[in-house]
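**Q** Next up is a structure, given as C-alpha cells.
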Amino acid sequence: MTLLISTAQTCPLCQQANDCAMVQGLDISACWCAKQPLHMPSVIAQNKTINFLAGFPDNQCICQSCMLKLMQQSDIDPVEIYMP
C-alpha cells in the first residue's frame, strides 16, 4: 500500500519538494506545471483509475518528476494540450 502524504510543499507520491510557484506566493503562470504540454488536472484525473491514485485529492500538486512519469502513461488526446 502506498501512503499519500498531503502538504502544500511536498509531492504526495515521492515526498520530495513539489516546487509549486503558488506555495511560494507566485502566480500560477510562474509554475513549472503551467509550462507543460498537457493539462495537468486531466493527466491526474486519468491516472486516478490507478490504485495508488484512487484517493488523490483534485487540488494536490505533485512534483515535476512524478508528473512526467504520469504523462508518459497518459493517453490524453493532443486536442487536450494545455495552452495558458
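**Q** Among the residues of the stretch 47-69, write down those that are closer than 19 Å to TRP32 by Cα and modelled with pLDDT of 65 or more.
**A** So the first thing to find is which residues in the stretch 47-69 are closer than 19 Å to TRP32 by Cα, and the list is 58-69.
Within the stretch 47-69, ASN59, GLN60, CYS61, ILE62, CYS63, GLN64, SER65, CYS66, MET67, LEU68, LYS69 meet the criteria.
**Q** Using the structure shown, decide if GLN72 is over 11 Å from the mean Cα position of the chain (by Cα), modelled with pLDDT under 85, of a type outside the set (A, V, I, L, M, F, W, C) and not in a loop (DSSP other than H, G, I, E, B).
**A** yes
**Q** Can you name the residue in the stretch 14-36 that is in a loop (DSSP other than H, G, I, E, B) and small (Gly, Ala, Ser) and, of all such residues, is surrounded by the most Cβ atoms within 10 Å (Cβ to Cβ)?
**A** Restricting to residues being in a loop (DSSP other than H, G, I, E, B) and small (Gly, Ala, Ser), the top hit is ALA21.
The values are calculated or read from the model by the stated rules, or taken from the named source; none is laboratory data. Everything quoted here is computed from the prediction, not taken from an experiment. Backbone-built Cβ (ideal geometry, glycine too); neighbour counts: all protein chains shown.
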